[in-house]
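Below you'll find the structure, written out as structure tokens, and then a few comments.
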Amino acid sequence: MEQVKTNPLKCIYGNTVKLQNTKTRVVELYALVPPNQERLDKKHISNYTDVGQAIWGKMENDVVEIELPGKGKELFKILGVTSTGEERRQL
């Protein structure tokens, strides 16, 4: 059986990103959207947010540092990047 190679997705507009806080192990999903479509209550973020800036252009398994209000900087691992679709409906 021939293996199909897939191109890894980057954290860019139109993709959903699964992040895990390396300290607390809490996992969250974020949809990356253009600034005019940003809805923080639904975790639709743009690259202008702290989280969006930290993950923009990164790929699965990358570890990024994000400044959390009142908590300082924490490390997050990108567990997955998918084309926005089914995952976005869960947000």
Query - Subset tally (residues that are touching a residue at least 24 places away in the same chain (Cβ under 8 Å) and β-branched (Val, Ile, Thr)) for segment 25-63 - result: 4
Report summary line: When segment 39-54 is checked residue by residue, the ones that are over 13 Å from Leu19 (Cβ atoms) and exposed (fewer than 14 other Cβ atoms within 10 Å of the Cβ) are Arg39, Leu40, Asp41, Lys42, Tyr48
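Every read-out reported here was derived from the displayed coordinates using simple, explicitly stated rules and does not represent laboratory data. Just so you know, these numbers come straight off a predicted model, no measurement behind them. Please note: Cβ atoms are built from the backbone with ideal geometry, for glycine as well, and neighbour counts cover all protein chains shown.
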